[in-house]
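Asker: One structure, pasted below without further comment.
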Amino acid sequence: MDRRKFIRTIGGSGLVIAASGFSLSRCDQMPESAISPWSGPAPDLPDREWLLSYAILAPNPHNRQPWLADLSKDDEITLFADPERLLPHTDPFGRQVLIGHGTFLELLGIAAREKGYRTKITLFPNGEPAGDSLEIGTMPVARIQLEKDVSISTDPLFGDILNRRSNKEGYEKAYLNATDEQIIESLPLLDGQRTGIATNEADVSPLREFARLSVLKEIETPRTLLESVELTRIGATEIAANPDGIDLNGPLFWWLKRFNLMSKEKAMTPGTLAHQGGIDYAMGWVEGTYNMGWLSTADNSRSAQVNAGRSYVRLNLMATNAGIAIHPVSQVLQEYPEMQEIQSDFLDHLGIEAPETVQMFYRLGYQTNVSPSPRRKMPDIVIA
Ligand SMILES: Cc1cc2nc3c(=O)[nH]c(=O)nc-3n(C[C@H](O)[C@H](O)[C@H](O)COP(=O)(O)O)c2cc1C
């Protein structure tokens with residue numbers, strides 16, 4: 001989260017935290033245990049666990065890390081969605097959760113090549129779950145069969161997995177240069193996928209406005225705001241206990257929590273520092289947006305959703321490699337009733353008609369790299 005925005009808000013409240021003489025820089029650092037998965041796995045880990053250690057670094061909605069891996073059959077991994085880690089309000093049909101399975105599968109496949117495995121990935125081996133319910137947690141999302149193949153080539157994006165980030169800061173005021181625009185446009189697409197990109201003010205301005213309106217709608221809708229608030233981990237202790245969700249740490253948040261200014265109740269109450277801080281933070285990244293892009297699929301089948309994730313994470317890795325920051329901003333794509341009007345205007349603006357579905361909408365730009373986000377430990381997702 002953009003700490004400068006919060007500091008501005010605090011400035012307005014008259015709260016002086018630096019006056020205490022306390023050494024701010026030492027308290028409430030990101031717990032090492034929450035980011036140690038970003039150091040990569042030990043080389044002697046059994047192969048499937050080694051692959052999974054890369055896959056859990058995938059981008060995923062609200063950082064819920066909703067994956068379960070069944071290792072009960074030799075040379076196979078069966079991937080399930082964790083029914084305890086869905087987002088019923090902002091992702092009522094599990095579309096984003098399944099995109100987050102595509103990102104996981106793609107990283108798994110890239111890591112497998114590095115270890116000399118060919119992967120045979122079968123999506124929904126027992127059939128696709130219905131598209132209009134959250135019943136995605138009962139059937140396997142994918143069966144991954146691993147086959148040693150000495151002739152397999154490694155994937156050049158493997159080296160970017162540990163440095164990949166979703167960069168949620170405001171970006172520099174700059175439109176993508178022609179080379180970087182070409183890199184973003186060179187993403188290899190899977191069947192039925194299309195991408196679009198806006199890299200000048202005339203094209204970005206209306207998209208920025210859709211991002212602004214939709215994030216405000218999410219914040220002013222109590223149950224969608226509550227879903228985020230309940231997943232917010234404030235301070236190192238909470239992050240260490242639950243290395244997922246939305247993480248806020250550092251001296252500033254330590255002090256806000258200490259003065260009871262950052263409680264979940266406060267975050268739900270308009271007019272408080274915590275609630276206004278959330279709005280100011282979002283408006284910070286909205287303003288700091290000079291390039292935007294989107295990825296659509298020809299239909300909204302469950303496989304199309306997973307495949308959107310596979311392509312999106314490749315884009316994220318390509319951007320990392322080129323030093324381009326990227327940040328999904330999904331609010332306008334979310335399927336709850338209050339968002340429908342803004343979403344329909346957004347799709348009209350892009351000229352997209354059902355069944356074509358925009359699966360990912362993102363900011364692109366320039367900004368120094370950010371710290372990694374917390375991750376659960378790889379064994380936490382293994383069920384057998
Ligand atoms: C389908 C999908 C939707 C996402 N939507 C948002 C979003 O609306 N806002 C946001 O800040 N991040 C969004 N993200 C990024 C996640 O928050 C991010 O991947 C997660 O916090 C882990 O951080 P990391 O990508 O830096 O590892 C989305 C990611 C995925 C895969």
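The values are calculated or read from the model by the stated rules, or taken from the named source; none is laboratory data. The shown structure was predicted, so the numbers you read here are calculated from the model rather than taken from an experiment. Backbone-built Cβ (ideal geometry, glycine too); neighbour counts: all protein chains shown.
Asker: Against the definition (over 23 Å from residue 287 (Cα atoms), in contact (Cβ under 8 Å) with a residue 12 or more places away in the chain, more than 14 Å from the chain's Cα centre (by Cα) and more than 9 Å from the ligand (Cβ to nearest atom)), how does residue 321 come out, yes or no?
Answerer: yes
Every residue, every condition in (1) in a loop (DSSP other than H, G, I, E, B); (2) crowded, with 23+ Cβ neighbours inside 10 Å; (3) without any contact (Cβ under 8 Å) to a residue 60 or more places away in the chain, yes or no:
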| residue | (1), (2), (3) |
| --- | --- |
| 45 | yes, no, yes |
| 79 | no, yes, no |
| 91 | yes, yes, no |
| 98 | no, yes, no |
| 101 | no, yes, no |
| 112 | no, yes, no |
| 118 | no, no, yes |
| 128 | yes, no, no |
| 137 | yes, no, yes |
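Asker: Continuing with this model, one more query. Please enumerate the residues belonging to the range 247-271 that are buried (at least 18 other Cβ atoms within 10 Å of the Cβ) and among the β-branched types (Val, Ile, Thr).
Answerer: Scanning the range 247-271 gives no hits.
Asker: Scanning for something small (Gly, Ala, Ser) and within 14 Å of the ligand (Cβ to nearest atom), does the range 214-227 turn up at least one residue?
Answerer: Scanning the range 214-227 turns up at least one residue that is small (Gly, Ala, Ser) and within 14 Å of the ligand (Cβ to nearest atom).
Asker: Does residue 124 qualify as being more than 16 Å from the ligand (Cβ to nearest atom), among the hydrophobic types (A, V, I, L, M, F, W, C) and on the phi > 0 side of the Ramachandran plot?
Answerer: For residue 124, the condition - more than 16 Å from the ligand (Cβ to nearest atom), among the hydrophobic types (A, V, I, L, M, F, W, C) and on the phi > 0 side of the Ramachandran plot - is met.
Asker: Can you name the residue in the range 47-69 that is hydrophobic (A, V, I, L, M, F, W, C), away from the ligand (no atom under 16 Å from the Cβ) and under 21 Å from residue 160 (Cα atoms) and, of all such residues, is surrounded by the fewest Cβ atoms within 10 Å (Cβ to Cβ)?
Answerer: Among those residues, the one meeting the criterion is 50.
Asker: Could you grab me the full set of residues in the range 25-59 that are modelled with pLDDT under 95 and in contact with a Leu (Cβ under 9 Å, 6 or more places away or on another chain)?
Answerer: If the condition is that a residue be modelled with pLDDT under 95 and in contact with a Leu (Cβ under 9 Å, 6 or more places away or on another chain), then 28 is the only one that fits.
Asker: With respect to residue 225, is the statement that it is in a helix (DSSP H, G or I), farther than 16 Å from residue 331 by Cβ and either touching a residue at least 12 places away in the same chain (Cβ under 8 Å) or among the aliphatic types (A, V, I, L, M) (or both) true?
Answerer: It is false that residue 225 is in a helix (DSSP H, G or I), farther than 16 Å from residue 331 by Cβ and either touching a residue at least 12 places away in the same chain (Cβ under 8 Å) or among the aliphatic types (A, V, I, L, M) (or both).
Asker: Being buried (at least 21 other Cβ atoms within 10 Å of the Cβ) and either modelled with pLDDT under 95 or within 20 Å of residue 187 (Cα to Cα) (or both) is the filter here, so list the residues in the range 295-309 that pass it.
Answerer: Result: 295, 296, 297, 304, 305, 306, 307, 308, 309.
Asker: Right, something else. Please go through (1) surrounded by fewer than 21 Cβ atoms within 10 Å (Cβ to Cβ); (2) closer than 28 Å to residue 253 by Cβ for residue 316 and return the number of the only condition it doesn't satisfy.
Answerer: Unmet for residue 316, out of (1) surrounded by fewer than 21 Cβ atoms within 10 Å (Cβ to Cβ); (2) closer than 28 Å to residue 253 by Cβ: (1).
Asker: Any idea how many residues of the range 52-86 are closer than 16 Å to residue 109 by Cβ and in contact with a Lys or Arg (Cβ under 7 Å, 6 or more places away or on another chain)?
Answerer: The number of residues fulfilling the criteria is 5.
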